[in-house]
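The values are calculated or read from the model by the stated rules, or taken from the named source; none is laboratory data. Because the structure is predicted, anything quoted here is derived from the model rather than measured. Cβ atoms come from the backbone with ideal geometry, glycine included; neighbour counts cover every protein chain shown.
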2 protein chains.
Amino acid sequence: MSKSSNAFYAQSGGVTAVINASACGVIETARANKGKIGKVYAGKNGIIGALREELIDTSKESVKTIAGLKYTPSGAFGSCRYKLKSLQENRAEYERLIQVFKAHNIGYFFYNGGGDSADTCLKVSQLSKTVGYPIQAIHVPKTVDNDLPYTDCCPGFGSVAKYIAVSAREASYDVASMCETSTKVFVLEVMGRHAGWIAAAGGLIADAANDIPVVILFPEVAFKKKEFINEVKRKVKRYGYVTIVVSEGVRDYRGRFLADAGTTDAFGHAQLGGVAPVVANMIREATGYKYHWGVADYMQRAARHIASKTDVDQAYAVGKTAVEYALQGKNSVMVTINRKAASKYSWTTGEIALSKVANKEKMMPKSFISKNGFGITKKCREYLLPLIGGEDYPPFKDGMPVYTRIKGVMIPKKLSESFRV
Amino acid sequence: MSKSSNAFYAQSGGVTAVINASACGVIETARANKGKIGKVYAGKNGIIGALREELIDTSKESVKTIAGLKYTPSGAFGSCRYKLKSLQENRAEYERLIQVFKAHNIGYFFYNGGGDSADTCLKVSQLSKTVGYPIQAIHVPKTVDNDLPYTDCCPGFGSVAKYIAVSAREASYDVASMCETSTKVFVLEVMGRHAGWIAAAGGLIADAANDIPVVILFPEVAFKKKEFINEVKRKVKRYGYVTIVVSEGVRDYRGRFLADAGTTDAFGHAQLGGVAPVVANMIREATGYKYHWGVADYMQRAARHIASKTDVDQAYAVGKTAVEYALQGKNSVMVTINRKAASKYSWTTGEIALSKVANKEKMMPKSFISKNGFGITKKCREYLLPLIGGEDYPPFKDGMPVYTRIKGVMIPKKLSESFRV
């Protein structure tokens, strides 16, 4: 790229507690390399911002605002769920992208997202070959699902894992104190439609100092009601209570989501969603135990207040490394987190070709799930623990976290045509 | 009481993030007054522990363990949902209590609970009059519901309010970044069967620096579907998204819980509980907006990791004051938190006769709810903000909070008969 080429940065898919830390890494590193790279334009609402020529000029944001992104959850520039089709299927989209990139002298494309987004990033990275527009596209990994391949972990996951582990431990202490006359079962529903990484974090609530009974339901393990109820009974018999961490994506042996197990409202409308009430009700019917259930939903992925320090550092690092790779002339790669082989956890960033990453999901390996299918192994614990390591509290004022909001100054449009997304 | 009289302490009803801080206040203050008061025996699982003669000898716990209670959520000694009947209805229970108190030289009764428990404490405080057993009973207030009268606030509430305010703000940031192409409505269900104090905390997510659209559904305000849907539409039109904080206790104009609005499973079984999915579904049907919903359940009241410093301090203070009152010869009172009239928030502990407290609930005053019924007033904000003030993080190790567990050494039983609860 020319030294004055600008960069496009966009957030894609479900946001996380630390995706803005990656934005911070990208922008601060670009600013530190002013002679080599132009301005960073952020897509308003992700790739849609590029298609609509709605570009936020990050150079208008103060040093303090950009630094504040490091402790601000959500996608400060807006995200979207929008997957580019293939060049054959929707050439107009690519032509529009190139129009916008050309108009604003954009030569670097930093895409901050998960698996679907990696596919989009791959397609953009091929534009120089496919349509002759010179651009370098680097994928900045992000997903609470932790299901990107070739990276030891995914920024966003460590913090949601920490939130789930901390919350489930706290709730377990609660149930333990109530179980003599009241609640004996607490069911916590967590994210993870396909992969059970987040549910696995529930396994961290028990350790040498905390003999807490927990049953985990993974999407990777076909749900067997009888075995599950027996396991619940066994734990309640022994401990007086049990905590159940259930992934939203748990399915029965026919592959049907448990959450779709046929609840309807009085008018016969389809179920309202939520696997936690389904599981809780199942337990009530089979055992009569008093239960409570919670659904962590967006709280889990937005909980910057209890983010993992490791996760924040890694999220920043993948943003920083992406810019460095771009300046080294790299294209069509995803930044990875590589775990060093050592007794004490340490990591570094690396790279993998995007062609290998796109549209692949990394499930929990069998060796991470205990034999009975309801817990995690020592190996899994050793993998997970460093990822939730360290606290990184945001600043508070008057009892509330002070999160950063961007001014969001848009650069003037240069194209006469608009584009409908 | 005689100088060597022992004290009985019990936790009652739903536990909180800071009830153990009250236990800490009671035990540390008793220890500091060794010449004036004997040992503190804690009821295992609350008052049931007294009836069963299952008394935990807190003198066997180390200074460090007792200090650790200050940052440990849940009821370390176990709690229970058990309300003593009147003396007329169940004389056997009172006779048993007196037997146990006599056997263990118990002259002080510290009961740590909410409204129902205040009634039990009142009955115990009258034992000297009613049956001639000399005992001083002091109520140590605790309830996340914040519905005890005559106290400015209730220990436990400030922390749950902080949790809800922080979590709902974080989730709002999340929705704001997704709303262009995805989720436009986030519904968060919070506790509060009768009083809307916890829901009101949702109003704190918006402030001068955070123009966040929020709609609150209070149990004090009869639910009107049309007005609600219109308010949701208005907010989404203006902001692109909306956060809804709904109290579990919201009812329609006929007094029927919204959560009971007729959901059944495929087998026609009664609904699974949860007002959040009911509200979310209602919005979907009326507007088609994409939604997410979360249920904070036990997480909200157990979330010691994001406890309010003010709340922790007050929880400790009511425990401390209870012992001081006992040593001053007081009986049949509840410790209160009194807000001083001043521009800067400050408070002190005080007392109120238990006869005035028992079985009364303090609802949100009308002046705290905005005219349209969907928000809080400035007055309410001024009331709430100091209660969530300050952070008081627990210690962490390897990414997880280190909470204290008691040894729980029981004192040998002296009575030959057992008692069935």
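Numbers for the structure displayed
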{"read-out": "Count - residues of the range B:15-46 that are in contact (Cβ under 8 Å) with a residue 60 or more places away in the chain and surrounded by fewer than 24 Cβ atoms within 10 Å (Cβ to Cβ)", "value": "7"}
{"read-out": "Matching option when the condition is under 19 Å from residue A:106 (Cβ atoms), among the hydroxyl-bearing types (Ser, Thr, Tyr) and in the same structural domain as residue A:120 (by TED's automatic domain parsing), among A:16, A:72, A:58, A:65", "value": "A:58"}
{"read-out": "Residue within the range B:367-385 that is buried (at least 23 other Cβ atoms within 10 Å of the Cβ) and within 18 Å of the chain's Cα centre (by Cα) present", "value": "yes"}
{"read-out": "Residue in the range B:349-359 that is in contact with a strand residue (DSSP E or B) (Cβ under 8 Å, 6 or more places away or on another chain), surrounded by 14 or more Cβ atoms within 10 Å (Cβ to Cβ), under 30 Å from residue A:396 (Cβ atoms) and in the same structural domain as residue B:107 (by TED's automatic domain parsing) present", "value": "yes"}
{"read-out": "Residue among B:101, B:110 that is under 20 Å from residue B:153 (Cα atoms) and not charged (D, E, K, R)", "value": "B:110"}
{"read-out": "Subset of the range A:146-174 that is of a type in the set (A, V, I, L, M, F, W, C) and within 7 Å of chain B (Cβ to nearest Cβ) - its residue that is surrounded by the fewest Cβ atoms within 10 Å (Cβ to Cβ)", "value": "A:165"}
{"read-out": "Test: residue in the range B:294-301 that is farther than 30 Å from residue B:110 by Cβ and at pLDDT 95 or above", "value": "yes"}
{"read-out": "Leading residue by the ranking (surrounded by the most Cβ atoms within 10 Å (Cβ to Cβ)) among those in the range A:59-99 that are within 12 Å of another protein chain (Cβ to nearest Cβ), under 18 Å from residue A:119 (Cβ atoms) and not hydrophobic (A, V, I, L, M, F, W, C)", "value": "A:79"}
{"read-out": "Criterion (among the acidic types (Asp, Glu) and within 20 Å of the chain's Cα centre (by Cα)) met by exactly one of B:391, B:417", "value": "B:391"}
{"read-out": "Considering residues of the range B:155-192 that are within 22 Å of the chain's Cα centre (by Cα) and without any contact (Cβ under 8 Å) to a residue 60 or more places away in the chain only, the residue nearest to residue B:140 (Cα to Cα)", "value": "B:192"}
{"read-out": "Any hit, the range B:292-309, residues being more than 14 Å from every other protein chain (Cβ to nearest Cβ) and on the phi < 0 side of the Ramachandran plot", "value": "no"}
{"read-out": "Set B:379, B:414, B:407: member being within 30 Å of residue B:151 (Cβ to Cβ) and outside the structural domain of residue B:161 (by TED's automatic domain parsing)", "value": "B:379"}
{"read-out": "Subset tally (residues that are crowded, with 20+ Cβ neighbours inside 10 Å and not aliphatic (A, V, I, L, M)) for the range B:395-421", "value": "4"}
{"read-out": "Residue satisfying all of: in the range B:191-208; within 11 Å of chain A (Cβ to nearest Cβ) and not in a helix (DSSP H, G or I); surrounded by the fewest Cβ atoms within 10 Å (Cβ to Cβ) among these", "value": "B:208"}
{"read-out": "Failed item in (1) in a loop (DSSP other than H, G, I, E, B); (2) away from every other protein chain (no Cβ under 14 Å); (3) under 22 Å from the mean Cα position of the chain (by Cα), with residue B:133 passing the rest", "value": "(3)"}
{"read-out": "Meets criteria (within 30 Å of residue B:207 (Cβ to Cβ), within 22 Å of the chain's Cα centre (by Cα), among the charged types (D, E, K, R) and modelled with pLDDT of 95 or more) for residue A:405", "value": "yes"}
